[in-house]
Amino acid sequence: MHTKRINSLGRIVIPKEILEVFQLSEGDSVDIMHNETQIIIEPHKKRYLCAVTGKIASEAIQIGEAWISKEGMKKIVEYMSME
């Protein structure tokens with residue numbers, strides 16, 4: 001465990017060894033959330049709303065303004081194969 005002080009700007013320094021474990025470096029983004037008892041910091045993961053399935057996906061391609069996940073692409077291929 002590491003104990004860190006919060007500075008006057010609300011910042012903390014994440015120890016280098018933790019940055020290395022999560023392969024984070026200067027300029028990378030992190031997600032910060034909380035529950036009733038904890039502050040949670042995680043490496044940022046891009047999330048996309050699939051226009052076909054309506055589900056959140058961590059991987060997708062953009063077609064026009066829409067994001068399509070792998071599952072969405074499979075559904076499109078299945079649909080196109082039916083005709």
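Any chance the stretch 33-49 includes a residue that's touching a Lys or Arg at 6+ places or on another chain (Cβ under 7 Å) and surrounded by 10 or more Cβ atoms within 10 Å (Cβ to Cβ)? Steps first, please.
So the first thing to find is which residues in the stretch 33-49 are touching a Lys or Arg at 6+ places or on another chain (Cβ under 7 Å), and the list is none.
No: the stretch 33-49 contains no residue that is touching a Lys or Arg at 6+ places or on another chain (Cβ under 7 Å) and surrounded by 10 or more Cβ atoms within 10 Å (Cβ to Cβ).
Taking the numbered list (1) under 21 Å from the mean Cα position of the chain (by Cα); (2) free of Cβ contacts under 8 Å to residues at least 24 places away in the same chain; (3) not in a loop (DSSP other than H, G, I, E, B) in turn, Ile41 passes all entries but (2).
The set of residues in the stretch 17-31 that are under 19 Å from Met1 (Cα atoms) and either exposed (fewer than 10 other Cβ atoms within 10 Å of the Cβ) or hydroxyl-bearing (Ser, Thr, Tyr) (or both) comprises Glu17, Val21, Gln23. Could you look through the stretch 16-38, keep only residues that are part of a loop (DSSP other than H, G, I, E, B) and charged (D, E, K, R), and pick out the one that is nearest to Met80 (Cα to Cα)? Out of the qualifying residues, it is Asp28.
Every number in this text was worked out from the coordinates using simple rules, so none of it is lab data. This is a predicted model, so every value here is computed, not measured. We place every Cβ from the backbone using ideal geometry, glycine too, and count neighbours over all the protein chains shown.
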